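**Q** Shown below is the structure under consideration.
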Amino acid sequence: MNNAAACPRHPRASRASVIRILRDAVVVASVASLVACTSGEVVPPEPVPATSAPAVDASTFTFGSAADPRTLDPALANDTESYRVTRQILQGLVGIDPLTSEPTELLAESWEEQDSGRSYEFTLRDDVVFHDGRPLDAAAVCANFDRWYTLPASARAGAGRLPFEHVFKGYSDQPEISLYKGCTATTPSTVDLQLTSRITGLIAALAAPAFAISSPAALDAGSADDLTEPVDGSLISRYGRAPVGTGPFRFVSWEPGEVDLVSFEDYWGDRGEVDRVLFTTISNPDSRARALTAGRIDGYDFVSVDSAVDLARNGQQFLQRDPYSVLYLGLNQGFPGVDDVLFRQAVAHAIDKDALIDGRFLSGTKPARQFVPEKLGVSGEAVEDYGYDVDLAKDLLDRSGYDGRPLPFYYPRNVSRAYLPSPEKAYAELSRQLTEAGFTIKPVPIDWSEGYIEAVQQTGDRAFHLLGWSGSYEDPDNFVGALFGSYTEEFGYEDPQLFSKINRARGLPDGEDRSAAYADISGQISTRVPAVPLAFPISALAMSPRVSSYPVSPVMNEVFNRIDLADVEPRPEPSE
């Protein structure tokens, strides 16, 4: 059966667009060379060992990851590098259209909304098998939903708010708030998903990688909810080290610094040209650039401004994503004094966002006034515009009663993210600006791999932290709901009125009323200042000349069976 139509290829970036991006990158890099950091610690580039890449053949694609994955169980992941790997191995009911980023069929070939949005009937494809040889059926899908709903607190601990909680609001031990009611296999190929109330963005949300369907047998065999395996100071399950899904690649191995996948021979869709995928971890962006130029990797993500000019000179390709992430300065109201709104307003006025962006982010990055990206169409008219004003910041800070005590500022090291390609440099500029306005900054650098996310999302002795959010589906709730839909230790922010507004908006039908509700929510967030939105960054990948096509996606739905390699003959299409 020819499944090309069911799993379309991403179009190749045009030569003109690649040339334009290369030209812009060179200009930005030239500007960046004139900018000097004034404070903070910048980690020197790490060397890339000559033996970092294994011997591979022409059908192998080697990707330079910015960090090791935290887990390969997507239900318990909340980081880009984990999802980058699991997207290759596992799939959800709903996919993402490569051109529009709208929801499209994947494991479900159709769905129907019922009971005014309180239930959905999904009809599954009939030709899908898991990598362990077991068929995908409705019982397997429901086993996954029920597993997510009943995740024990011990499995959720330390992971922050997981996507199931973002979308369904709560678990089985929180029945009074959970929107999940149940999942029934009405036939072997039909799933009935029941909700306690409408979730307007549900179908879009189910395209997020966290809702990928695992083999129930593998979940059981791998004790998926029993976190006992140590990885970089954290604990994951045996299943989290060896996932089993329905995707175009199956898991082979995961060692420190490298994940190995191979093409799944019984994949239901187009297997593409890539037979093997290697993810090799190179945390420093300049080191990734050198590895690409030297031919040790075929591509990498989060190109830094500093690397751009050398990559262009060496003939590498740049592929730019539409911005769909937000960088923010987190404020912890659990720290003395930060709970005063005058203090937080002083922070907002102390930051010159244009100066932060200039020379540290790729061309096209825009300052952010709110947390919702422009493409979602939420008006910013109600959003408070905290213009850069050092004198006003000093006045507000004095009125807040700030006594000059040191303010711990957490920031990550040795990592790149779509929203933060060079964290040390961003921290240095923010620290300079806040110091100028009268804040006493105490730098607290933490390596990303040593638990940075856990450090800033739990109760702790910090005033500020640098983080961001990358959207995984197109809905305003994916941003304001995920960040501010309930109380979190990250911000120490309690606002029942705002939480109620977000819960109401997520259930409103698409249209003017829903857009207006999210505009009002954005306005309230800007008034209370639980965090300061800084930028909507442009992120870019770099690819070697042997990559003739790569599936660029603003939500990073980049599955490598859609890669075309210049030196690999395409697989013949399967016969009907």
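The values are calculated or read from the model by the stated rules, or taken from the named source; none is laboratory data. Bear in mind the structure is a predicted one, so any value in this text is a computation, not a measurement. In this analysis, Cβ positions are derived from the backbone assuming ideal geometry, glycine residues included, and neighbour counts consider all displayed protein chains. Surface accessibility is based on the protein's heavy atoms, side chains included, excluding ligands, DNA and RNA. Shrake-Rupley method; radii C 1.70, N 1.55, O 1.52, S 1.80 Å.
**Q** Take region 135-211, drop everything but the C-alpha atoms, weight them equally and run the Debye formula without solvent; then report log10 I(q)/I(0) at 0.16 Å⁻¹ to two decimals.
**A** Log10 of I(q)/I(0), two decimals: -0.60.
**Q** Further question on the same structure: Treating only the Cβ atoms of Lys and Arg (+1) and Asp and Glu (-1) as charged, compute the dipole magnitude of region 290-361 about its Cα centre; round to the nearest 20 debye.
**A** 240 debye
**Q** Through the Karplus equation 6.51 cos²θ - 1.76 cosθ + 1.60, θ set to phi - 60°, convert the phi angles of region 511-519 into ³J(HN,Hα) values in whole Hz; use x for Gly and Pro.
**A** Using θ = phi - 60°, the values come out as x, 5, 5, 5, 4, 5, 5, 6, 5 Hz.
**Q** As a test of reading the structure, rank 276, 118 by solvent-accessible area (1.4 Å probe, protein chains only), most first.
**A** Ranked from most to least accessible, the order is 118, 276.
**Q** Under 8 Å for C-alpha pairs, at least 6 residues apart: give me the relative contact order for region 152-242, rounded to a whole percent.
**A** Averaging sequence separation for qualifying contacts and normalising by length gives 18 percent for region 152-242.
**Q** Give the whole-number value, in cubic angstrom per residue, of the convex hull volume spanned by the C-alpha atoms of the chain.
**A** 140 Å³
**Q** Same structure, new question: Do me a favour and compute the ellipsoid semi-axes for region 445-576 from its Cα gyration tensor, root of five times each eigenvalue, largest one first, whole Å.
**A** 38, 23, 13
**Q** Given R₀ = 51 Å, what would the calculated FRET efficiency be for residue 132 paired with residue 374, taking r from the Cβ atoms and rounding to 0.05?
**A** That gives a FRET efficiency of 0.75.
**Q** With a 1.4 Å probe and every protein chain left in place, work out the accessible area per residue of the chain in Å², rounded to a whole number.
**A** With the other protein chains kept in place, the chain gives 38 Å² per residue.
**Q** While we're on this one: Shape verdict for region 202-327, please, from the Cα gyration tensor: rounded (a/c under 1.5), prolate (a/b greater than b/c) or oblate.
**A** Judged from the Cα gyration tensor, region 202-327 comes out prolate (a/c at least 1.5, a/b above b/c).
**Q** A further question on this structure: Distance between the C-alpha centers of region 239-312 and region 390-438? Whole Å please.
**A** When both Cα centres are located, 34 Å separates them.
**Q** Here's a follow-up. Let me check against my output: what whole-number percent is the relative contact order of region 87-208, with C-alpha pairs under 8 Å and at least 6 apart?
**A** Reported as a whole number, the value is 29 percent.
**Q** Compute the distribution of all C-alpha to C-alpha distances in region 132-176, in bins of 10 Å from 0, and list the percent of pairs in each, rounded to whole numbers.
**A** Here the calculated profile for region 132-176 is 24, 48, 22, 6.
**Q** Here's a follow-up. Suppose each label sits 7 Å from its Cα in the direction of the beta carbon; what would the residue 226-residue 150 distance come out to in nanometres?
**A** Taking the simple label geometry, residue 226 and residue 150 are separated by 1.6 nm.
**Q** How high is the relative contact order of the chain? Use alpha-carbon pairs under 8 Å, at least six apart in sequence, and give a whole percent.
**A** Relative contact order, the chain: 22 percent.
**Q** Over the chain, with every protein chain in place, what whole percent of the accessible area is carbon and sulfur at 1.4 Å, could you tell me?
**A** That share works out to 49 percent.
**Q** At a Förster distance of 22 Å, what's the computed FRET efficiency of residue 339 paired with residue 442, Cβ-Cβ distance as r, to 0.05?
**A** 0.75
**Q** For the pairs 394/501; 366/425; 169/366, note any where the Cα-Cα span goes beyond 29 Å.
**A** 394/501; 169/366
**Q** Round to the nearest 0.05 the FRET efficiency obtained for residue 174 and residue 97 when R0 = 30 Å and r is the Cβ-Cβ distance.
**A** Approximately 0.35, to the nearest 0.05.
**Q** In addition: Given 25 °C and 0.890 mPa s, how large is the Stokes-Einstein diffusion coefficient of region 62-135 in µm²/s, with Rh as the Kirkwood radius over Cα pairs?
**A** After rounding, the answer is 167 µm²/s.
**Q** Would you mind computing, in nm to one decimal, how far apart the modelled labels at residue 381 and residue 499 are, each placed 7 Å from Cα along Cα→Cβ?
**A** 3.1 nm
**Q** Distances over 16 Å make up what percent of all Cα-Cα pairs in region 314-442?
**A** 68 percent
**Q** Right, another one. Let me see the pair-distance distribution of region 82-211: every alpha carbon pair, 10 Å bin width, integer percents in order.
**A** 12, 43, 37, 8
**Q** How are the alpha carbon pair distances in region 392-457 distributed across 5 Å bins from zero to the largest one, expressed in percent?
**A** 3, 16, 23, 22, 14, 12, 8, 2
**Q** Multiply the residue separation of residue 313 and residue 196 by 0.36 nm, subtract the distance between their alpha-carbon atoms, and state the gained length in nm to one decimal.
**A** So the chain would gain 36.4 nm between residue 313 and residue 196.
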